[in-house]
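Colleague: The structure that follows is given in the form of structure tokens.
The values are calculated or read from the model by the stated rules, or taken from the named source; none is laboratory data. This one's a predicted model, so the numbers in the text were calculated from it and none came from an experiment. Every residue, glycine as well, gets a Cβ built from its backbone with ideal geometry; the counts of neighbours run over all protein chains shown. We work out accessible area using only protein heavy atoms, side chains counted, and drop any ligands, DNA or RNA first. Shrake-Rupley method; radii C 1.70, N 1.55, O 1.52, S 1.80 Å.
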Amino acid sequence: FILLGIPGLENYQFWIGFPLCIMYVVAVPMYLFLAMLATTDLILSSSTQPKMLAILWFHAHEIEYHACLIQVFFIHAFPSVESGVLMAMAMDHYVAICFPLRHSSILTTSVVIKLGTAVMVGGLLWVSPFCFMISRMPFCPNKVIPQSYCEHMAVLKLVCADTRVNRGYGLFVAFSVGGFDIIVISASYVMILRAVLRLPSGEARLKAFGTCASHIGVILALYIPALFTFLTHRFGHHVPRVVHVMFANIYLLVPPMLNPIIYGVRTKQISDRVIQGCCGKDP
């Protein structure tokens, strides 16, 4: 087979390639970020939900020691990675809205891959000491974890030794990683808000806000349950245990469930099919 490109415009095909290349480069960073977000959500939910359903449906309450440590690693590492991905997406929105003509030159595919790799490696390295420190500590005879999966603080309560270093490191990671991401996200959106409010057209402002709406929804879906779970684990000693457990489950289930819906609603083809299905209209 022979592909002719754009028949009739052979003399201009070389120059036509440049705007097409720019559109492709603009599209690639965001889809790379979305791919990382989807992969993170799949790994995060799959690391806990099969075992959780086995407990609820088949009373399979026992979990092997190393499998428990693997759960500790995944449920702390990949929320850190997801937080970093959301930070990178906030930076992408900032560049796209504040420097639209330079977006493709600033956020090249190479830069996005390097940024994504840094976020992934950083999240994994920060959390790895959790499992290493716990694996070297003695456990009490009581091996009962009063929730549906192995979480760092819950496992740490079973240790028959001084755990102040472990707790201190956990707080340090939570505030340093999460705090840094939140600061960058907040700063990005402050600058985005300033740039959008300067736009002369109300329609242009609305379109710019709409571009960021999905991302803000995903941020809230991750951080609100995470913040509540973090605070109740460390300071909510009078909060009923069932509330602890339910919010711990919601924290791992809500973002993977809502993220495809949030971004799907922003996709015209998907939203049209949903509206047709709800209204009972033929496509």
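Colleague: Out of Cys150, Cys160, report the one residue that is within 23 Å of Asn249 (Cβ to Cβ) and not β-branched (Val, Ile, Thr).
Modeller: Matching residue, one of Cys150, Cys160: Cys150.
Colleague: Starting from region 183-198, keep only residues that are within 17 Å of Met89 (Cα to Cα), then list their pairs with residues that are aromatic (Phe, Trp, Tyr) whose Cβ atoms are within a distance under 7 Å, requiring at least 6 positions of separation or different chains.
Modeller: Final answer for the pair search is Ser188/Tyr94; Met191/Tyr94; Ile192/Tyr94.
Colleague: Would region 97-104 turn up any residue that is aromatic (Phe, Trp, Tyr), farther than 24 Å from Gly168 by Cα, open to solvent by 20 Å² or more (accessible area, probe 1.4 Å) and out of contact with any Lys or Arg (no Cβ under 9 Å at 6 or more places or on another chain)?
Modeller: Checked region 97-104: at least one residue is aromatic (Phe, Trp, Tyr), farther than 24 Å from Gly168 by Cα, open to solvent by 20 Å² or more (accessible area, probe 1.4 Å) and out of contact with any Lys or Arg (no Cβ under 9 Å at 6 or more places or on another chain).
Colleague: Just to be sure before I move on: is Ser176 surrounded by fewer than 18 Cβ atoms within 10 Å (Cβ to Cβ) and farther than 30 Å from Lys51 by Cβ in the structure I sent?
Modeller: Spelling it out, it is not the case that Ser176 is surrounded by fewer than 18 Cβ atoms within 10 Å (Cβ to Cβ) and farther than 30 Å from Lys51 by Cβ.
Colleague: For region 54-96: of the residues being assigned to a helix (DSSP H, G or I) and β-branched (Val, Ile, Thr), which is most open to solvent (accessible area, probe 1.4 Å)?
Modeller: Only one residue tops the list, namely Ile70.
Colleague: Are any residues in region 116-136 among the hydrophobic types (A, V, I, L, M, F, W, C) and either more than 19 Å from Phe33 (Cα to Cα) or open to solvent by less than 40 Å² (accessible area, probe 1.4 Å) (or both), and if so, which ones?
Modeller: Val119, Leu125, Trp126, Val127, Phe130, Cys131, Phe132, Met133, Ile134
Colleague: Suppose the filter is among the small types (Gly, Ala, Ser) and either touching a helix residue (DSSP H, G or I) at 6+ places or on another chain (Cβ under 9 Å) or in contact (Cβ under 8 Å) with a residue 40 or more places away in the chain (or both); does Ala118 pass it?
Modeller: Answer is yes for this residue.
Colleague: When you scan region 86-101, do you find a residue that is out of contact with any helix residue (DSSP H, G or I) (no Cβ under 8 Å at 6 or more places or on another chain) and either charged (D, E, K, R) or free of Cβ contacts under 8 Å to residues at least 24 places away in the same chain (or both), even just one?
Modeller: Taking every residue of region 86-101 in turn, at least one turns out to be out of contact with any helix residue (DSSP H, G or I) (no Cβ under 8 Å at 6 or more places or on another chain) and either charged (D, E, K, R) or free of Cβ contacts under 8 Å to residues at least 24 places away in the same chain (or both).
Colleague: Oh, and also: Can you tell me which of (1) within 17 Å of the chain's Cα centre (by Cα); (2) modelled with pLDDT under 75 is the one Ile262 doesn't meet?
Modeller: Against the list (1) within 17 Å of the chain's Cα centre (by Cα); (2) modelled with pLDDT under 75, Ile262 comes up short only on (2).
Colleague: Residue check: is Arg241 out of contact with any Cys (no Cβ under 6 Å at 6 or more places or on another chain), surrounded by 12 or more Cβ atoms within 10 Å (Cβ to Cβ) and basic (Lys, Arg)?
Modeller: It is false that Arg241 is out of contact with any Cys (no Cβ under 6 Å at 6 or more places or on another chain), surrounded by 12 or more Cβ atoms within 10 Å (Cβ to Cβ) and basic (Lys, Arg).
Colleague: Going by the structure shown, is Gly168 surrounded by 12 or more Cβ atoms within 10 Å (Cβ to Cβ) and either at pLDDT 85 or above or farther than 19 Å from Ala226 by Cα (or both)?
Modeller: Judged against the criteria, Gly168 is not a match.
Colleague: List every residue pair whose Cβ atoms lie under 7 Å apart, where the two residues are 6 or more positions apart in sequence or sit on different chains, the first residue falls within region 39-57 and is farther than 16 Å from Leu258 by Cα, and the second residue, located anywhere, is part of a helix (DSSP H, G or I) and of a type in the set (Val, Ile, Thr).
Modeller: Ser47/Ile75; Thr48/Ile75
Colleague: Of all residues being touching a Phe, Trp or Tyr at 6+ places or on another chain (Cβ under 7 Å) and at pLDDT below 90 in region 48-75, which is nearest to Ser214 (Cα to Cα)? Just the residue, please.
Modeller: Ile75
Colleague: Within region 224-235, count every residue that is crowded, with 19+ Cβ neighbours inside 10 Å and of a type in the set (Ser, Thr, Tyr).
Modeller: 1
Colleague: Moving on to the next point. I'm checking my understanding of the structure. Among residues of region 196-211 that are surrounded by fewer than 19 Cβ atoms within 10 Å (Cβ to Cβ) and at pLDDT 80 or above, which one is nearest to His76 (Cα to Cα)?
Modeller: Of everything passing the filter in region 196-211, Leu197 is nearest to His76 (Cα to Cα).
Colleague: Looking at Ser214, Ser271, which is the one that is among the hydroxyl-bearing types (Ser, Thr, Tyr), open to solvent by less than 40 Å² (accessible area, probe 1.4 Å) and at pLDDT below 65?
Modeller: Matching residue, one of Ser214, Ser271: Ser271.
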